[in-house]
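This report refers to the structure that appears directly beneath it.
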Amino acid sequence: MRQIGIFFGTDSGTTRLIAKKIAKAIKARHGEDLVAKPLNVNRASADDLLAFKALILGTPTDGEGVLPGKANDTDEAAWLDEILPLLLEVCEAPVPA
Ligand SMILES: Cc1cc2nc3c(=O)[nH]c(=O)nc-3n(C[C@H](O)[C@H](O)[C@H](O)COP(=O)(O)O)c2cc1C
């Protein structure tokens with residue numbers, strides 16, 4: 001299992017390109033096995049994110065802080081509704097002994 005997950009939101013593809021560049025840079029410095037292939041958050045479950053020790057998250061915003069998915073009325077799990085609240089919950093939970 002790779003230790004770093006990269007997840008992005010995007011409407012027109014720029015953030016996807018940046019995510020790929022970040023993954024490439026990490027691989028160049030630390031080898032192929034540390035980082036997973038960047039995944040669009042609209043195709044990821046919350047459990048997919050929680051499987052990694054470290055996350056790199058990237059998203060653009062439209063207008064007044066509107067996140068991808070919200071902007072195009074997708075029915076998929078969106079950053080605001082599902083992913084971010086769960087991550088915050090996990091971050092605030094006590095670390096198991
Ligand atoms: C309709 C629209 C509204 C935008 N509003 C903002 C904004 O309020 N603030 C901002 O920093 N960027 C704004 N942007 C710029 C996008 O965040 C930027 O182009 C981003 O790189 C797009 O990323 P993506 O290609 O991954 O979707 C807007 C872009 C569009 C098309």
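Quick note: the coordinates plus some simple rules give every number you see, no bench work behind them. Just so we're clear, the structure is a prediction, and the values are computed from it rather than from any experiment. Because the Cβ atoms are built from the backbone with ideal geometry, glycine has one as well, and the counts that use them run over all protein chains shown.
List of remarks:
- Gained length - Glu64 relative to Leu34, 0.36 nm times residue gap less alpha-carbon distance: 7.3 nm
- Compared with the direct C-alpha span, the chain from Lys20 to Arg2 gains 4.9 nm at full extension, assuming 0.36 nm per residue.
- Each peptide in 33-44, 13-24 was scored by the mean count of other Cβ atoms within 10 Å over its residues; highest first, the order is 33-44, 13-24.
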